[in-house]
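This report refers to the structure that appears directly beneath it.
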Amino acid sequence: MTGNVLVIGGGFSGLTAAIEAAETGYNAFIIEKNPYLGGRVAQLHLYFPKLCPSTCGLEINFRRIKENPRIKFYTLAQVEKIVGREGSYQVSLKVSPRYINDNCVGCDACAQACMAERPNDFNFGMDKTKAAYLPFSQAFPFKYVIDKKYCDDGCKRKCFEACKYAAIDLDMKPETVELEAGAIVVASGWNLYDIAKAQNLGFGKVRNVITNMMMERLAAPSGPTKGRILRPSDGKEPTNVAFVQCAGSRDENHLPYCSYICCMASLKETLYILEQYPDASVEIFYIDMRTPGTRYEKFYWSVKEKENVKLTKGKIAKIFQTEGKDDVVVVVEDIFAGKKVEKTFDMVVLAVGMEPSTRSQRLPLEVTYTSEGLILPESLGPGIYAVGSTKSPLDVAKSVQDATGAALKSIQSLMGR
């Protein structure tokens, strides 16, 4: 038996599983496809229901990683092959080059000298970064990365000459890394559903229709507007905002399941708006409001009872642009009024559902998935455990609990049960 636990995914679930295993005395490897750890949580402004900054929990875990020599992580890495059995798995990784080595001190000189720009995927394309960039202000590892797709030779030379620490290595090549592990935790996380497929909701065609995760970035101090919630088309302060629930979820043509977190996310983001614009009005269009547990139910009532918040039960028929203006029109079947109504808003936020990353990128394992890409845990081999949203949509708190359980199961596996 080897004492290594390999964790696929460096989001909050993956970090939790690796840290718990390492602090119990086992070695842990974290494999993350992004150039930073933290996953989707790093993109949030606040957690619910306490409404504390997401960076608080991440910073604690980052410190635990830095202080624990039993944890090793690989960013820009993908698992390509897994063979073996419980207690002795051989795992092959492909690690893409960062083009920045460990000499980097985060001085920003390369970004200042860089002449090329790229869409900022961390902010869902709402702004741009230089091709030499730090993923976000509190990124871990705190190292820049160069996106060579956007660099020409002249730009590369400028960055290289600007760095005083010999941190830029444009000759880096992809690497193959071989690891051994006795147990594996699959915590590969989730993506937003491609809501442009729901054409009636207008995303990608109607200006000022955004997703719930875009709202998180607008409200975050590290976001494209430095924390000010402004509508994307013209920078106007939105004082009349709509939230559309179940955008893609609970729909047999898209995601047939409830994505669990969307109702709470919209309630939380309603408070983002009211904190900045106390006189603003917010209307939430919903099919059913789902608030699992007593704490979330109390949070729901605390938002619902605000006088400038309105909840309307009804299915969205269409969202379109006001002719000659940037305002957005929502057509909805108002269930309680018994009729179809049209309402105009400054901005519309779609509560887009969670799609498991395994829907688009399968694991190199013999495993059974649902038609939506969710892992069926009973199909995994001995010593391999799926956690968090790989099995079912979950919030951060439930994902952490699940990851702690997976760490315990991994330890039992390493001990031969």
First in the range 8-29 and within 17 Å of Gln401 (Cβ to Cβ), second anywhere and buried (at least 24 other Cβ atoms within 10 Å of the Cβ) and hydroxyl-bearing (Ser, Thr, Tyr), Cβ under 7 Å, 6 or more apart: Gly9/Ser188; Phe12/Ser399; Ser13/Ser399; Ala21/Ser410
Any pair with Cβ under 7 angstrom, 6 or more apart, that starts in the range 34-45 at a residue that is free of Cβ contacts under 8 Å to residues at least 60 places away in the same chain and not assigned by TED's automatic domain parsing to the domain that holds Ile261 and ends at one that is in a helix (DSSP H, G or I) and crowded, with 22+ Cβ neighbours inside 10 Å: none
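From the list Ile168, Ile229, which residue is touching a helix residue (DSSP H, G or I) at 6+ places or on another chain (Cβ under 8 Å) and within 25 Å of Ile284 (Cα to Cα)? Before the answer, list the steps.
Numbers: Ile168 fails: within 25 Å of Ile284 (Cα to Cα).
Ile229 is the lone residue from the list that is touching a helix residue (DSSP H, G or I) at 6+ places or on another chain (Cβ under 8 Å) and within 25 Å of Ile284 (Cα to Cα).
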Residue ID - farthest from Phe73 (Cα to Cα), chosen from residues in the range 112-158 that are among the small types (Gly, Ala, Ser) and in contact (Cβ under 8 Å) with a residue 60 or more places away in the chain: Ser137
Among residues of the range 137-162, those that are modelled with pLDDT under 95, in a loop (DSSP other than H, G, I, E, B) and among the hydrophobic types (A, V, I, L, M, F, W, C), counted: 1
Residue check for Ile229: closer than 19 Å to Phe122 by Cα and either in a strand (DSSP E or B) or in contact with a Cys (Cβ under 9 Å, 6 or more places away or on another chain) (or both): no
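Would you check if there is a residue in the range 268-287 being part of a loop (DSSP other than H, G, I, E, B), in contact with a strand residue (DSSP E or B) (Cβ under 6 Å, 6 or more places away or on another chain) and crowded, with 22+ Cβ neighbours inside 10 Å? Step through it out loud before you land on a result.
Initial filter on the range 268-287 (part of a loop (DSSP other than H, G, I, E, B)): 277-280, 287.
With the extra rule that they be in contact with a strand residue (DSSP E or B) (Cβ under 6 Å, 6 or more places away or on another chain), the set shrinks to 287.
Imposing the further condition that a residue be crowded, with 22+ Cβ neighbours inside 10 Å reduces the set to none.
No: the range 268-287 contains no residue that is part of a loop (DSSP other than H, G, I, E, B), in contact with a strand residue (DSSP E or B) (Cβ under 6 Å, 6 or more places away or on another chain) and crowded, with 22+ Cβ neighbours inside 10 Å.
Scan the range 69-108 for residues that are of a type in the set (A, V, I, L, M, F, W, C), assigned to a strand (DSSP E or B) and over 26 Å from the mean Cα position of the chain (by Cα) and report the count. Before the answer, list the steps.
Kept after step one, since they are of a type in the set (A, V, I, L, M, F, W, C), are these residues of the range 69-108: 71, 73, 76-77, 79, 82-83, 91, 93, 95, 100, 104-105, 107.
Filter again for assigned to a strand (DSSP E or B), leaving 71, 73, 77, 79, 82-83, 91, 93, 95, 100.
When the remaining residues are screened for being over 26 Å from the mean Cα position of the chain (by Cα), the result is 83.
Adding up the residues that qualify gives 1.
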Single unsatisfied condition, Leu394 versus (1) modelled with pLDDT of 95 or more; (2) surrounded by 18 or more Cβ atoms within 10 Å (Cβ to Cβ): (1)
Tally of residues being under 30 Å from Thr211 (Cβ atoms), of a type in the set (Gly, Ala, Ser) and in a helix (DSSP H, G or I) across the range 1-41: 5
Qualifying residue in the range 178-193 (condition: in contact with a helix residue (DSSP H, G or I) (Cβ under 7 Å, 6 or more places away or on another chain), β-branched (Val, Ile, Thr) and assigned by TED's automatic domain parsing to the domain that holds Ile375): yes
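The values are calculated or read from the model by the stated rules, or taken from the named source; none is laboratory data. All figures in this text were calculated on a predicted structure; none of them were measured in a lab. As a convention, Cβ positions derive from the backbone with ideal geometry for all residues, glycine included, and neighbour counts pool all protein chains shown.
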